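These notes concern the structure reproduced below.
Taken together, the values in this text are just the output of simple stated rules run on the coordinates, not laboratory data. Just so we're clear, the structure is a prediction, and the values are computed from it rather than from any experiment. Every residue, glycine as well, gets a Cβ built from its backbone with ideal geometry; the counts of neighbours run over all protein chains shown.
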Ligand SMILES: Cc1cc2nc3c(=O)[nH]c(=O)nc-3n(C[C@H](O)[C@H](O)[C@H](O)COP(=O)(O)O)c2cc1C
């Protein structure tokens with residue numbers, strides 16, 4: 001079977017972001033037939049059609065190309081005010097646009113798994129909003145298993161290692177489900 005390459009991003013710019021740490025944990029527990037590229041959203045400017053008209057910024061081209069090289073996407077989102085953080089919505093706005101060479105958005109029909117953690121409810125409202133947002137590009141969102149970490153800070157040690165064994169086992173299950181979902185979609189494409 002072909003390797004499944006995943007493009008991953010976290011909706012947080014914080015140095016000590018737990019959601020980015022979750023992606024790092026995922027990248028360390030990948031099965032042999034998966035690879036992962038974690039993209040830091042910090043270099044992306046705020047979306048502006050004028051900027052696009054002047055020539056798509058290099059950071060956005062890099063973002064598009066790395067995403068386009070992937071077979072599937074993985075997004076770890078915190079919840080801000082019952083929704084996704086603006087930085088993640090901004091990244092999706094950029095990603096939803098066609099590429100510089102005119103090829104369609106790398107989001108179009110792409111398989112996606114959503115994970116994350118936040119406060120008391122683990123970011124369930126943000127994840128629901130994210131599902132609505134990505135419908136625009138007809139993304140193929142993995143429905144199960146769900147993955148939310150309530151009070152996400154309680155699942156990591158001081159060095160941002162995911163130390164909750166149950167959270168680790170469930171994260172590995174999401175990765176395998178994303179791999180299988182991606183292959184299923186490739187098979188029927
Ligand atoms: C502006 C702001 C709004 C927040 N709103 C919510 C919220 O609505 N629901 C929630 O569960 N947590 C909320 N939180 C908590 C964050 O989701 C939590 O701190 C999370 O760890 C941030 O993600 P990060 O560690 O990856 O940066 C909020 C935090 C901030 C800074």
Legend entry - GNM top mover of 16, 140, 97 - the chain, alpha-carbon springs below 10 Å: 16
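Calculate, in whole percent, how much of the Cα-Cα pair population of the range 1-43 lies beyond 12 Å. Could the numbers behind the result be given before it?
On the way: 538 of 903 pairs.
Summing the P(r) of the range 1-43 above 12 Å gives 60 percent of all pairs.
For the range 9-94, take N as its residue count and report Rg(C-alpha) divided by 2.2 N^0.38 Å. Please list the in-between numbers first.
On the way: Rg = 13.8 Å, N = 86, 2.2 N^0.38 = 12.0 Å.
So the range 9-94 has a normalised radius of gyration of 1.16.
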Legend entry - Length-normalised contact order of the chain in % [C-alpha pairs under 8 Å, at least 6 apart]: 24
Legend entry - Directionally averaged shadow of the chain, computed from the convex hull of its alpha-carbon atoms, nm²: 10.5
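What full-extension length gain, to one decimal in nm, is calculated for residue 16 and residue 1 as 0.36 nm per residue of separation minus the Cα-Cα distance?
Values: separation 15, 0.36 × 15 = 5.40 nm, distance 3.61 nm.
Full-extension gain reported as 1.8 nm.
Listing 9, 36, 29, 1 from the residue with the fewest other Cβ atoms within 10 Å to the one with the most, what is the order?
Values: 9 27, 36 19, 29 13, 1 6.
Going from sparsest to densest Cβ surroundings: 1, 29, 36, 9.
Express the Stokes-Einstein translational diffusion coefficient of the range 130-189 in µm² s⁻¹, to the nearest whole number, given a Kirkwood radius over alpha-carbon pairs, 37 °C and a viscosity of 0.692 mPa s.
Translational D for this selection: 242 µm²/s.
Can you pull the semi-axes for the range 102-166, root of five times each eigenvalue of the Cα gyration tensor, sorted largest first, whole Å? Can you show the working numbers first?
Values: eigenvalues 159, 35, 21 Å².
Gyration-tensor ellipsoid for the range 102-166: 28, 13, 10 Å.
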